[in-house]
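Everything on this sheet refers to the single structure shown next.
Coordinate-derived values only; no laboratory data. Values in this document were obtained by computation on a predicted structure and should not be read as measured data.
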Amino acid sequence: MSKKVILSVAVIVAMGLTSCKNETKKVEETTTTEVSKEIAMTDLSFGVRGNCGMCKTTIEKAANSVEGVASANWDVDKKKIDVSFDDTKTDVMAIHNAIAASGYDTEKVAGNEEAYKNLPGCCQYDHEMMMNQSGEMKSDVHSNHDH
Ligand SMILES: [Cu+2]
């Protein structure tokens, strides 16, 4: 055996010993990882035209038909809808579009004309109607009527 081999064996043994010494008792960590599904809900409200309780049903049904929408509540006095949705599944424009497809004007999208014509007579709201009303406001009479 050459000196070199002996030396290297010694080194390996030494390393082995130290590694044995250093082997610490593994403390079993029982980490209870709580998988909290944090669904960040986005709450928004925007103006939607409509007249009555039937409109409310149609508008809310349209909004709720969008996947990711948790709740929709249209205010008949304020002409405004409050929506709560999961913004990883949908975005506000999808809700605007769904409501518009049902025949109702929103702040951003004009209601589908065909759907509007198919609405019950009482629901055929005025396209000039104010949206996002405070609710305290007396019905706004437009002065710019040209008869
Ligand atoms: Cu109506």
Where a ≥ b ≥ c are root eigenvalues of the Cα gyration tensor, a/c under 1.5 meaning rounded, otherwise prolate if a/b exceeds b/c and oblate otherwise, region 53-114 counts as oblate
Counting sequence-distant residues (5 or more places) and residues on other chains, those with an amide H built under 5 Å from that of Asp82 are Asn73, Trp74, Asp75
